[in-house]
Structures are given as structure tokens and as C-alpha cells.
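Taking it in order: structure first as C-alpha cells, then the write-up.
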Amino acid sequence: MFPFLISRGSTIAFLFVTGTFPLFAQSAAPVQAKPADSLVEMMGVNLHLTIAGSPYFYAFDSIVKPRLKELGVRHVRDYLRNVDPLETVRGVSMLDRVKQLHAQGVDFVFLDTQTENMGKLVGYATAALPYVRIIEGPNERDMEKTSIYKGELFPKGAVDFERATYKALKGDPRTARIPYATESFAHTEHVQAFCDAANCPADFGDLGTMHSYAGGRPPSADLERTMRDIRLITGDRPLVTTETGYHTDKILSSFAGVSELAAGKYMARLPFEYLNRHIELCMLYELIDEPNHGEPDHIEPDNKEKHFGLLHSNGSEKPSFIVLKRLLALFNDPGPAFTPRTVAFTSDAPADVHQSVLAKRDGRIYIALWHDTTTYDVKTNIDMPSPPVRVTLTLTDKFSGARVYLPLDGGEPGPIVKMTGRLKVDVPDSVVIVELIP
């Protein structure tokens, strides 16, 4: 037995490679790996370019642009009106900023302008063509109490607007190929009323939209229920999440926040939970904390909307930014479509240890493992570190070597050890990634 130890600050992960052994009687079922790059292609982040009193505006060049590039996401979300050449904030063109971000490799999920003028909407969509990934319906109108469309309230006004929008976009050959995602809900208990008005599954929308906040709990919390609720609208059409994440205001009680460490641990798991459920796009909320009144060092307490950032308002990193950056760098593997290999292995992991299997074009396999447990007590505002769970992986397929990554703790891979049999891995409450080398 050859012990392999990685120490990253307070976290220690062990990988033991056991020598020659007889394969156990039952056959290891082959697992179809997902393309490693599909995780990178799935992830994105929300921006608010037009808020003049936020770093998105006053620190666009010094923080937002360079940090976005460093993070490595390929998609961002903001308002469709930003493509209007006349849309300016304090004399600064928002279209110019859209172009600058697009030039460094990101495309946009554009949030609908909610105009009743469908000709104007199609004009915006046409102007967005060079930059657009998806056009998304309006944001969380299930909370509105006023007229939504032609004097109608929610739900009928929302349904009528979506139907008119979808017809207008698909009826114009310039915009017909842009995927349209249905509008989001603040509370999915309002989906049934929407469906009653729309006679679901709806006759509009190419994608269903979730806002799947876990409310200070693990990222898997309520995710399946939210998916079921939105599929009442869209049937078997693909799903996207255009808002999810964690805020770090621990004062607020009505929408639980977590510590920065806990947010980092949950962020380490979140992409894999969404990838395993075949979510097409997962947009984190949001890139940077938003101070009040343009004051860079003043963050309002008891206001969750100011604390969702992966970055502090001065541009410094929270653990969630660090872990996401490392995951995206590790799995970055662009190129033409390919069919990943399968890998045959068994695991003695308990039910609360989750896994995701990914593959790169060069044949390397990555098994991500995480303990799906609560890591923060939202009632007492105390971190709840969980001891690692020892898991044994037994592989039928042959690999020459293995090493592990701990994205939250140091990030650098451990040394490559020769593969001769079983792997014993200590699985943390963030994520550990085992790389198998052909």
C-alpha cells in the first residue's frame, strides 16, 4: 500500500493505492463520462452593467473585465436593452461594454426588456445577434401586483406577453434561431397559476428557466422539486438556471446567508450537481458585491442583494471565486464534439457521497466526489465542518497513474502515483477530484 498525502491548509486528503488484488465477483457497470468541457460550457455569471453606483460601472476596466477573464466563464447575463446604441450611463455606452466583454470570449444571456412594442423587441434582438447566447423572458414577475401586459396582471398578463414575444422572435428570420427561455419565478408555487392560464405545456419557449437558490443549504436542496415545477411549463424541453448562488450576509434571517468558507464549499459542489442533472446553463448570481451609493468600501448589512458576489466590492476574491476559477481551469478542454469513453468502477460510498465522472479528449478521466452534507448552521451562523468520508473506488479499467485535486484548498494537483488497484479517497464536504491517467 502506498499512501499519498496532500495537505492544503486545514484540509487533508488521502489517496491510498492498493497493490494487486482479485477483482470482486460482481462486474463493475461502465459509467458514461461527460465531456470535461461541458462543465465549463455550462457555467456563467450575472452582471449589472447599468448600475452606476456599483463596481460594474465605476470599476469596469480595473476589476470587472480582468476578473471575468481570470474566472474563465464563457457566459454572462444582463439586460437586453444594453445593446441599444442609445443606452448610456453617465455618458458611457453600454453597447461598447458589451462589445468589450464579447471580445474577451463571453456571450450573453439577455434578459427581456419587457416592452409591449414587439417591433422594438425584435430590433433589440437583432442588434444582439453578434453577442447573444439566449434571450430570457422577464424576471420574476410572479411577484408583481401591477399590469404586466395590455392591462393584464399575473398570470394572464405574463402568459400573453410571453406568447407574443415568442411569436415575434420566431416570426422574424433574423431572430428565429435565438433560443428563448421562459420567464423566471421568484416562488415556484406560482407556476400552477401560470400553467392554468397557459394551458401547459406552454406553446412558447425553447428552454425552461429556473431560479434555484438553496437558501443557505447545500446546492442539491430542493433542486429536483424546482426542476419538476418548471417542467410543468416546458415539458421535456431543456432547463437553464439563470440565477443561483449564495450570499454572505449572515445578519439576514429571512433569506439565509452563509459564511464565505461555507459558500466556497457549496460552490465547489454546485457545478457537478447541475451537470449531473443535465442543466444546460447555470448562471451564478453574481460576479461582485454591490456597495451602496457608489461607496466602494460600504456594504449595507441586512441586505442580501449586496452580498451575492463571488468577489468583494473592492475586487478581492471570496473562496467561491477561487474554487470556481480552479474548476473551470481544470476542466477547460475546448474542441470539436467527441464521444467520451466509459469507465468501469465500483464504489462503496454511502448515499450522501455524490459523484460525477468527466473525460478529456486525451483519455484522462476525472471522478469528482463530494459529501452532500450541511456545512453551515444558518440558525446559529456557525460553520459545521464535516469529517471526510473514506471511500474505496475499485476500477476494472486499467490506468497508469492517479492524482487528486482539492480545488478549495490550494488547487495544485498532488503527485502522480502508479495505479495498481483500488483507490481509497477521503471525501470532504467541498469536492475532491481524482484524475485517472491512461
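The values are calculated or read from the model by the stated rules, or taken from the named source; none is laboratory data. Model, not experiment: these values are computed from the prediction. Don't worry about glycine lacking a Cβ; one is built from the backbone with ideal geometry, like all the others, and counts go over all protein chains shown.
Tell me, which residue of the stretch 145-187 that is under 27 Å from the mean Cα position of the chain (by Cα) and within 16 Å of THR115 (Cβ to Cβ) is surrounded by the fewest Cβ atoms within 10 Å (Cβ to Cβ)? Checking each candidate, the answer is TYR166.
With the requirement that a residue be in contact (Cβ under 8 Å) with a residue 40 or more places away in the chain and assigned to a loop (DSSP other than H, G, I, E, B), what does the stretch 138-153 give you?
Going residue by residue through the stretch 138-153, those that are in contact (Cβ under 8 Å) with a residue 40 or more places away in the chain are 138-143.
Scanning the stretch 138-153 gives PRO138, ASN139, GLU140.
Identify all residues within the stretch 389-416 that are over 25 Å from the mean Cα position of the chain (by Cα) and crowded, with 17+ Cβ neighbours inside 10 Å; write none if there are none. Don't jump to the end; show me each part of the working.
Applying the first criterion (over 25 Å from the mean Cα position of the chain (by Cα)) to the stretch 389-416 yields 389-403, 414-416.
Answer for the stretch 389-416, where residues must be over 25 Å from the mean Cα position of the chain (by Cα) and crowded, with 17+ Cβ neighbours inside 10 Å: VAL389, VAL391, LEU393, THR394, LEU395, PHE399, ALA402, ARG403, GLY414.
Screening the stretch 238-264 for residues that are in contact with a Pro (Cβ under 8 Å, 6 or more places away or on another chain) and modelled with pLDDT of 95 or more and picking the one that is nearest to ILE135 (Cα to Cα) gives THR244.
Please pick out the residue among MET210, MET227 that is under 23 Å from SER38 (Cβ atoms) and buried (at least 24 other Cβ atoms within 10 Å of the Cβ).
Values: MET227 fails: buried (at least 24 other Cβ atoms within 10 Å of the Cβ).
Result of the check over MET210, MET227: MET210.
Counting residues that are closer than 30 Å to ARG141 by Cα and at pLDDT 95 or above, which strands (runs of 3 or more DSSP E) fully inside the stretch 11-117 reach at least 2?
Working: elements: 11-17, 30-32, 43-46, 75-79, 107-111.
So the answer is 43-46, 75-79, 107-111.
Of all residues in the stretch 357-385, count the ones that are surrounded by 17 or more Cβ atoms within 10 Å (Cβ to Cβ) and among the small types (Gly, Ala, Ser). Number satisfying all stated conditions: 2.
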